[in-house]
Amino acid sequence: MIKIGIADTTFSRVDMGLIATTELQSLHPEIKVVRYTVPGVKDLPVACKKLIEEQGCEYVMALGMPGPKPLDKTCAHEASMGLIQVQLMTNRHIIEVFVHMDEVKAGDDRALEELAHNRTKEHAMMVYRMIFRPQEMSKLAGQGVREGFEDEGPARSAGGLGKSKKEKAKPGHANGSSQGPGRYHS
Amino acid sequence: MIKIGIADTTFSRVDMGLIATTELQSLHPEIKVVRYTVPGVKDLPVACKKLIEEQGCEYVMALGMPGPKPLDKTCAHEASMGLIQVQLMTNRHIIEVFVHMDEVKAGDDRALEELAHNRTKEHAMMVYRMIFRPQEMSKLAGQGVREGFEDEGPARSAGGLGKSKKEKAKPGHANGSSQGPGRYHS
Amino acid sequence: MIKIGIADTTFSRVDMGLIATTELQSLHPEIKVVRYTVPGVKDLPVACKKLIEEQGCEYVMALGMPGPKPLDKTCAHEASMGLIQVQLMTNRHIIEVFVHMDEVKAGDDRALEELAHNRTKEHAMMVYRMIFRPQEMSKLAGQGVREGFEDEGPARSAGGLGKSKKEKAKPGHANGSSQGPGRYHS
Amino acid sequence: MIKIGIADTTFSRVDMGLIATTELQSLHPEIKVVRYTVPGVKDLPVACKKLIEEQGCEYVMALGMPGPKPLDKTCAHEASMGLIQVQLMTNRHIIEVFVHMDEVKAGDDRALEELAHNRTKEHAMMVYRMIFRPQEMSKLAGQGVREGFEDEGPARSAGGLGKSKKEKAKPGHANGSSQGPGRYHS
Amino acid sequence: MIKIGIADTTFSRVDMGLIATTELQSLHPEIKVVRYTVPGVKDLPVACKKLIEEQGCEYVMALGMPGPKPLDKTCAHEASMGLIQVQLMTNRHIIEVFVHMDEVKAGDDRALEELAHNRTKEHAMMVYRMIFRPQEMSKLAGQGVREGFEDEGPARSAGGLGKSKKEKAKPGHANGSSQGPGRYHS
């Protein structure tokens, strides 16, 4: 049994905590989720710290949906700084999943939901990988993975870089056929 | 008896500390308020830390009204960073209630008072919920709650997201009839 | 006897440390000032920490005069972040008194001196109040106090806020006749 | 045997971790690399801390490729702040190697790969120097070294600075013939 | 014997470490310099911490030359935040001497060298004063000292500020004839 904390907010317009919970529980029977809902993203850092220190969570997902105004951007930045600090205080990973409202066209609720849904699920998948399949993580190194949007994939220059790219030819890493440049899960 | 600290400023143009005190005391007879007034928002972090460590407060509300100039914005940012740091040093929540003067039209004192009043009260209600009704918090997760203004409510796409939104259909969460997408209290 | 540290800079164009020292000593015979001059505002945080930890100061005033360029603004921001951090490391208040050179018209030395003089004195008065008259601080809560400029005073809407402002009517706080909306000292 | 940690990301579009590993291992037989791949740059700080504290790494390279949008810039800034913090918590160097996608023309994958390749290799060389040839580092002091691009070289005024530049003439340092103003390795 | 650490970079285009070393050693026979060269300004914080904690330095000078691009400005800001943090962790002063490349006209190497030279020397003089002549520091308080450029001198209003400036008339401080408003050393 591994405890994963999920901290989310009432400010968000999509129930990202529920999406993450459902996804994580479907990925592995040994995952136990502890949820903690706070008002906004700036309340997430201490919530995550409490999930780790008081609830014994080994990983935490911090879910938030910052608004489109400059003040909201500042709040998100402050929250992110706090989340990094908690990780350094606890030596635990906190996977931040923020969907900025202005990543989609204003008023397009469907696009907002879809983005929040996809990004949350794909980050949950990342958490799963980090815990249960760390070797998959290094295979994805440098693969241009994007959570919530199409992956960009690795940079692909026509002729390669000649000698300076010789490492790419080594076996056992990246660019392998079993994985390709596209999405890392379908 | 639960001690809640209220830190506020002489810089603010509305007595937000009084509003918070009155609201909290009306919400529950077991709440004891400890007030601490400092000059400006940058003095709030250490004030909150002292309320927690020297006065034994279990929750703190940090109330401030940053001015409209760029320098004021920077001060607010610095204060917010400090408030997050205090939370991480103490494992206690500090609910930040900042009303930026330029959130209303310059000179419209009534709008400023109203915003400060509503935001402070609604945040006091949040503190109350976090302490006495944590289960209500998770019901509000992802509901687009906004303190001080009308709630935005959850994102509502006409046709939903098909299979990818199947979680929304699960019982016991969000979107329930008893609560609706509007304000979380009336 | 209470020790108050005064940290100031050689960069400043006004001897704010002297103004603060003179003012504090005139306010109360029990105040003992310890001065510490450093090159610029970024040297203030550790200077303040040393005043608290090595000199036993219970309060500190950090005086600086950031220049008008973007780089100067960044320095001031960095200094402010450091000053907040010192407060959280020591549980002591550090009252920051920064006069930004571009708060007055470029070249108007008289206005600069006047602003530095007034802001320093009024902040010294605040320190005095925080130590010797804390009850006065809460009376000033929400009163729109501004150090160095005319106070803005509390927001005053013509008809009030009706029921939602009922707290304002309670006795024993703010808006009382003995104090008024103007400057908190003359 | 000296353990060097290499933390990299799945977000990057070039497998910088592999480049660094190959380079370091070719530089010295005593170097043992420990790799750790995380989703994005904001996950690097705690990854580096774990490499130091849990894996016993004495130096770490933190490799990332921030995107071109303002949000990406903010993420990179947050990551950098975290990386500095880890260094201060552990007294270990973490060499940050970030390639910002907008350092090359959008869509020019070859230029991106080349920049990532060169910058990573040259930083690996720096790590090697810091560990095995510290005296070379001080020879490079003030030489205008640039990782990933052509070195700018030291400032060269036609007539020098007269007496005020007399130090430049002292033996055993900088501007020496054995090293020149160009790249510090070829 | 007092140990002063000098941390500098290979990124800088002027050997500021050498300038500082030469200057400090000429100022006092009891000064012993420990140099430490790192790649860039972001590597300075931990380098300074190591100079203090592992080499026993009592003061440190952190020398750097940030580039002209926005990214360089961000790096400098991150480095400065780290340098302040080290000071607070160690209760030691670190005098930051940064020369931003865009402080002089692009391409004017002579102006760049001159600025780096003067600023480094004048800061070394400040370190000397802080250690051996602290009383001189308070005499320079509020004197508008500028390292690397002409001093601005104290603000000088034609008619003074009347009663509110009475402190200026006190003996033993500022504006005295022995020192004047110009450079604090020649």
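The values are calculated or read from the model by the stated rules, or taken from the named source; none is laboratory data. What you see is a predicted model, and the numbers here were worked out from it, not measured in a lab. No Cβ is skipped: glycine too gets one built from the backbone with ideal geometry, and neighbour counts run over all protein chains shown. Ligands, DNA and RNA are excluded from the accessible area calculation, which covers all protein heavy atoms including side chains. Shrake-Rupley method; radii C 1.70, N 1.55, O 1.52, S 1.80 Å.
Is at least one residue of segment A:82-104 on the phi > 0 side of the Ramachandran plot and modelled with pLDDT under 95?
So far as segment A:82-104 goes, no, none of its residues is on the phi > 0 side of the Ramachandran plot and modelled with pLDDT under 95.
Give segment B:1-48 a look and list any residue that's open to solvent by 10 Å² or more (accessible area, probe 1.4 Å), facing another protein chain (nearest Cβ under 7 Å) and not in a strand (DSSP E or B), or say none.
Matches in segment B:1-48: B:F11, B:R13, B:L18, B:T22, B:K42, B:D43.
I'm trying to understand the selection: among the residues of segment A:83-110, which are over 21 Å from A:T22 (Cβ atoms) and without any contact (Cβ under 8 Å) to a residue 12 or more places away in the chain?
Scanning segment A:83-110 gives A:I84, A:Q87, A:L88, A:N91, A:V104, A:K105, A:G107, A:D108.
Can you spot a residue in segment B:56-63 that is at the interface with chain C (Cβ under 7 Å from one of its Cβ atoms), without any contact (Cβ under 8 Å) to a residue 60 or more places away in the chain and open to solvent by 20 Å² or more (accessible area, probe 1.4 Å)? Full working, then the answer.
Initially, segment B:56-63 is screened for residues at the interface with chain C (Cβ under 7 Å from one of its Cβ atoms), giving none.
No, every residue in segment B:56-63 fails to be at the interface with chain C (Cβ under 7 Å from one of its Cβ atoms), without any contact (Cβ under 8 Å) to a residue 60 or more places away in the chain and open to solvent by 20 Å² or more (accessible area, probe 1.4 Å).
What about E:M61, is it over 25 Å from E:D109 (Cβ atoms) and not in a loop (DSSP other than H, G, I, E, B)?
no
Can you pull out the residues in segment E:92-102 that are at the interface with another protein chain (Cβ under 9 Å from one of its Cβ atoms) and among the acidic types (D, E)?
E:E96
Looking only at residues that are over 21 Å from A:G153 (Cα atoms) and of a type in the set (D, E) in segment D:10-46, which one is nearest to the chain's Cα centre (by Cα)?
Only one residue tops the list, namely D:E23.
Step by step: first the residues of segment C:148-160, then only those that are among the charged types (D, E, K, R) and facing another protein chain (nearest Cβ under 7 Å), then the one that is surrounded by the most Cβ atoms within 10 Å (Cβ to Cβ). Which residue is that?
If we take residues in segment C:148-160 being among the charged types (D, E, K, R) and facing another protein chain (nearest Cβ under 7 Å), then C:E152 is surrounded by the most Cβ atoms within 10 Å (Cβ to Cβ).
Give the residue, chosen from C:K105, C:K121, that is assigned to a helix (DSSP H, G or I), more than 10 Å from chain B (Cβ to nearest Cβ) and in contact with a helix residue (DSSP H, G or I) (Cβ under 7 Å, 6 or more places away or on another chain).
C:K121
Within segment B:67-91, can you find the residues that are buried (at least 17 other Cβ atoms within 10 Å of the Cβ), charged (D, E, K, R) and more than 7 Å from every other protein chain (Cβ to nearest Cβ)?
Within segment B:67-91, B:D72, B:K73 meet the criteria.
Whether any residue in segment A:102-124 is buried (at least 24 other Cβ atoms within 10 Å of the Cβ), touching a strand residue (DSSP E or B) at 6+ places or on another chain (Cβ under 9 Å), over 18 Å from D:K42 (Cβ atoms) and not hydroxyl-bearing (S, T, Y) is what I want to check.
Yes, because at least one residue in segment A:102-124 is buried (at least 24 other Cβ atoms within 10 Å of the Cβ), touching a strand residue (DSSP E or B) at 6+ places or on another chain (Cβ under 9 Å), over 18 Å from D:K42 (Cβ atoms) and not hydroxyl-bearing (S, T, Y).
Only one of these conditions is not met by A:I95: (1) open to solvent by less than 30 Å² (accessible area, probe 1.4 Å); (2) part of a helix (DSSP H, G or I). Which number is it?
(2)
Report, by residue number, each residue of segment A:125-146 that is open to solvent by less than 10 Å² (accessible area, probe 1.4 Å), assigned to a helix (DSSP H, G or I) and facing chain D (nearest Cβ under 8 Å).
Within segment A:125-146, A:M126, A:M137 qualify.
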